[in-house]
1. Is it the case that the range 164-176 has a residue that's of a type in the set (Phe, Trp, Tyr), in contact (Cβ under 8 Å) with a residue 40 or more places away in the chain and over 20 Å from Asp28 (Cβ atoms)?
2. Here are the criteria: (1) more than 10 Å from the ligand (Cβ to nearest atom); (2) assigned to a helix (DSSP H, G or I). Tell me which single one Ala19 does not satisfy.
3. Looking only at the range 158-178, count every residue that is charged (D, E, K, R) and either farther than 22 Å from Gly234 by Cβ or in contact with a Gly (Cβ under 7 Å, 6 or more places away or on another chain) (or both) and tell me the total.
4. Among the helices (runs of 4 or more DSSP H) contained in the range 138-251, which hold 2 or more residues that are in contact with a strand residue (DSSP E or B) (Cβ under 7 Å, 6 or more places away or on another chain)?
5. How many residues are more than 12 Å from the ligand (Cβ to nearest atom), in contact with a strand residue (DSSP E or B) (Cβ under 9 Å, 6 or more places away or on another chain) and either assigned to a loop (DSSP other than H, G, I, E, B) or under 17 Å from Tyr22 (Cβ atoms) (or both) when one looks only at the range 95-133?
6. Restricting attention to the range 103-122, does a residue exist that is surrounded by 18 or more Cβ atoms within 10 Å (Cβ to Cβ), of a type in the set (Asp, Glu) and modelled with pLDDT of 95 or more?
7. When you scan the range 187-207, do you find a residue that is of a type outside the set (A, V, I, L, M) and within 12 Å of the ligand (Cβ to nearest atom), even just one?
8. Could you tell me whether any residue of the range 26-41 is assigned to a loop (DSSP other than H, G, I, E, B), surrounded by fewer than 17 Cβ atoms within 10 Å (Cβ to Cβ) and under 15 Å from the mean Cα position of the chain (by Cα)?
Amino acid sequence: MGEQSPSDQDVRQHFTERAATYTGGQGDTVEAMVAMAAPGPDAQALDVATGTGLVAFALAAEITGSGYVIGVDFTAAMLARAAEEQGADGTAAPGAQVSLAAADATGLPFPDGMFSIVTCRFSVHHFTHAMPALQEMGRVLMPGGRLVIGEFGMPEDPEKAAYFNRMERTRGHSHVQAFSPSQLRGMMAEIGCPVHDERLLNREMMASEWLETANTTDENREIVRTMLWDGLEGDLGGLSPKRVGDDLLLTRHEVVLSGVRA
Ligand SMILES: C[S@@+](CC[C@H](N)C(=O)[O-])C[C@H]1O[C@@H](n2cnc3c(N)ncnc32)[C@H](O)[C@@H]1O
């Protein structure tokens with residue numbers, strides 16, 4: 001069924017298998033994160049769980065002075081894709097140099113207060129230890145630095161949230177737990193980076209496409225499809241499904257939160 005919580009090894013294995021086809025979805029969360037991070041030309045930025053480097057490269061394009069960007073991830077195959085995207089000078093776009101490094105989010109190999117910006121997109125729900133990872137992000141930020149998190153805007157209703165997490169975990173065996181915006185706000189406050197800005201985005205997708213993006217097994221795809229249809233009345237999974245022929249139009253709610261290190 002795939003409902004058991006994955007281990008770090010499961011998560012790494014999943015992204016090793018997905019690396020070749022990973023697209024990271026549409027760019028609007030990336031744009032919102034960069035806008036909210038507002039890197040100046042000399043920013044020192046870290047993108048945690050950078051994957052193929054989408055946010056790292058977008059930040060680098062804005063860092064045109066003496067700043068830099070480092071992207072870390074614990075899946076070698078995802079970092080290899082990021083390296084492929086880079087030009088010979090280490091950049092994928094005009095702007096700062098991007099360095100890529102293997103690291104676990106729960107043990108960032110950087111000194112306290114090294115960065116003015118830390119970002120993390122669509123990865124907190126894959127962390128087997130989310131709070132320790134967030135604590136590390138807070139630790140490496142300098143006072144006044146910004147922590148910008150992009151995540152699924154999971155329903156605040158606990159029953160819908162449980163249904164959503166069950167569907168996501170069955171769809172892809174690398175989903176540990178998504179948090180609602182208020183939970184994320186609480187976690188960021190707890191690590192000393194209270195939220196001062198927040199944006200909600202909606203991403204529409206057909207259920208049939210959504211079921212093809214996470215290397216889902218045939219058996220689990222059927223389970224999730226059934227859960228989607230069972231949840232149509234009352235929007236049980238919080239994906240606002242609408243019937244379109246024999247398919248469903250889903251709206252995934254996404255949230256970008258920006259906190260400032262006290
Ligand atoms: C859905 S991808 C997101 C990648 C990228 N941030 C993006 O927006 O496209 C999740 C990434 O989290 C990474 N990841 C999961 N747990 C990690 C951990 N504990 N430490 C470092 N990276 C981790 C995975 O390897 C994967 O590349």
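1. yes
2. For Ala19, the exception is condition (1).
3. Total satisfying the criteria: 2.
4. In the range 138-251, the matching helices (runs of 4 or more DSSP H) lie at 181-190, 207-210.
5. The number of residues fulfilling the criteria is 7.
6. Within the range 103-122 (the criterion being surrounded by 18 or more Cβ atoms within 10 Å (Cβ to Cβ), of a type in the set (Asp, Glu) and modelled with pLDDT of 95 or more), the answer is yes, since at least one residue qualifies.
7. The first filter runs over the range 187-207 and keeps only residues of a type outside the set (A, V, I, L, M), leaving 190, 192-194, 196-199, 202-204.
Subsequent filtering for residues that are within 12 Å of the ligand (Cβ to nearest atom) retains none.
No, every residue in the range 187-207 fails to be of a type outside the set (A, V, I, L, M) and within 12 Å of the ligand (Cβ to nearest atom).
8. yes
The values are calculated or read from the model by the stated rules, or taken from the named source; none is laboratory data. Because the structure is a prediction, the values reported are computed rather than measured. Ideal geometry is used to build each Cβ from the backbone, glycine not excepted, and the neighbour counts take in all protein chains shown.
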